[in-house]
Amino acid sequence: MVRNVAELLPELEEEDFYLLSGVEQGMRFSEWVQREKLPKFANLTEEEVDYRLERCLKRGLVEKKTIQYEGYTLQFEGYDALALRALVERETISEFGSPLGVGKESDVYEVRSYKPLALKYHREGYTNFRAVHKERDYTADKDHVSWMYTARKAAEREHGILEELYPDVAVPRPIDQNRHAIVMEKMDGVELSQTKLEPGQVVGVLDLLVGEVAGAYEAGYVHADMSEYNVFVNEDGVKIFDWPQAVPTDHANAEEFLERDLKNLIGYFRRKYPQQVPDELASNELAESIADGSFDSIRA
């Protein structure tokens with residue numbers, strides 16, 4: 001798990017961020033940035049670079065290697081610090097709170113501005129970079145791709161999709177984005193996987209979800225990773241989150257992903273509420289009706 005760097009911000013100085021930004025700039029060209037190049041990238045003197053490296057190494061923001069040459073690379077904590085500082089300076093957030101969720105490809109924290117919000121750090125590539133690089137469209141055309149680039153592109157992509165979908169589709173309202181971090185509204189409710197619906201609610205909630213899938217398709221996107229773990233349910237309805245892997249509807253495999261999303265949803269409801277889900281409900285037929293624009297309701 002990546003350490004929360006919010007508590008470090010008050011003790012970091014302007015020149016520490018110059019150093020971190022310099023390493024970030026150098027990592028556009030290689031994973032490890034040669035020490036001799038840092039004064040130029042960071043716009044600092046040789047002596048200042050040494051001092052700032054010592055401070056950032058002590059706080060776990062950068063990593064050093066000395067095989068072949070002396071080189072430095074950002075740790076995710078260093079990248080977090082750069083993104084968090086930018087969001088604070090833009091007055092997007094003013095307070096940092098507790099973790100809301102820690103996953104394989106993201107960490108989410110409660111933050112505050114004028115109201116409670118959620119800050120999502122993308123972690124794509126941190127533990128399994130090669131697999132993510134191979135699977136995700138937004139890294140497929142790059143020869144040198146770092147975990148930093150992969151995470152930033154995931155955040156840019158998700159933020160852009162949320163801006164296109166909100167408010168017509170039930171997704172979190174996007175607020176801001178910097179590097180690999182997204183700020184969005186904090187969702188109320190309970191994750192679908194932890195929700196116990198009453199018998200009379202089951203078909204209605206499933207119908208709401210399929211309707212949102214249809215709405216996203218109409219807006220031009222297929223989620224492509226739907227499950228009970230990226231849906232929130234509350235008394236006002238449902239919200240679908242985690243959109244970085246979404247594909248446009250003109251993608252070669254869009255209808256395949258659409259049917260898989262529906263199969264995952266129906267399968268979950270059928271396993272948990274076998275008596276309430278109609279036997280005749282079929283993911284392939286639903287996918288066809290959504291794709292041709294004829295879908296109205298699973299109750300029909």
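Some notes on this structure:
- Any hit, the stretch 1-20, residues being more than 28 Å from GLU110 (Cα to Cα) and without any contact (Cβ under 8 Å) to a residue 24 or more places away in the chain: no
- All positions within the stretch 40-50 that are in contact (Cβ under 8 Å) with a residue 24 or more places away in the chain, outside any loop (DSSP other than H, G, I, E, B) and open to solvent by 20 Å² or more (accessible area, probe 1.4 Å): GLU48
- Any chance ASN264 is open to solvent by 20 Å² or more (accessible area, probe 1.4 Å) and closer than 26 Å to ARG157 by Cβ: yes
- Count of the stretch 61-74 residues which are in contact with a strand residue (DSSP E or B) (Cβ under 7 Å, 6 or more places away or on another chain) and either free of Cβ contacts under 8 Å to residues at least 24 places away in the same chain or not in a loop (DSSP other than H, G, I, E, B) (or both): 8
- Cβ-Cβ under 9 Å pairs, at least 6 apart or on other chains, the stretch 143-164 side among the acidic types (Asp, Glu), far side part of a helix (DSSP H, G or I) and at pLDDT 95 or above: GLU164/ALA219
- With a requirement of 1 or more residues that are more than 20 Å from the chain's Cα centre (by Cα) and either at pLDDT below 95 or not basic (Lys, Arg) (or both), the strands (runs of 3 or more DSSP E) lying completely within the stretch 152-241 that satisfy it span 231-234, 237-240.
- Unmet criterion (only one of (1) open to solvent by 50 Å² or more (accessible area, probe 1.4 Å); (2) within 27 Å of the chain's Cα centre (by Cα)) for GLN34: (2)
- Residue identified as at pLDDT below 95 and farther than 13 Å from PRO244 by Cα among ALA140, ALA118: ALA140
- Being open to solvent by 80 Å² or more (accessible area, probe 1.4 Å) and either outside the structural domain of ASP168 (by the TED database) or of a type outside the set (D, E, K, R) (or both) holds for only one residue in ALA224, ALA214, ALA252, ALA291, and it is ALA252.
- Looking across the stretch 165-207, the residues that are closer than 16 Å to GLU218 by Cα and surrounded by fewer than 17 Cβ atoms within 10 Å (Cβ to Cβ) come down to TYR166, PRO167, ASP168.
The values are calculated or read from the model by the stated rules, or taken from the named source; none is laboratory data. If you're wondering where the values come from, they're calculated on a predicted model, not measured in any experiment. Because the Cβ atoms are built from the backbone with ideal geometry, glycine has one as well, and the counts that use them run over all protein chains shown. Note: accessible area is taken over every heavy atom of the protein model, side chains too, but ligands, DNA and RNA are not part of it. Shrake-Rupley method; radii C 1.70, N 1.55, O 1.52, S 1.80 Å.
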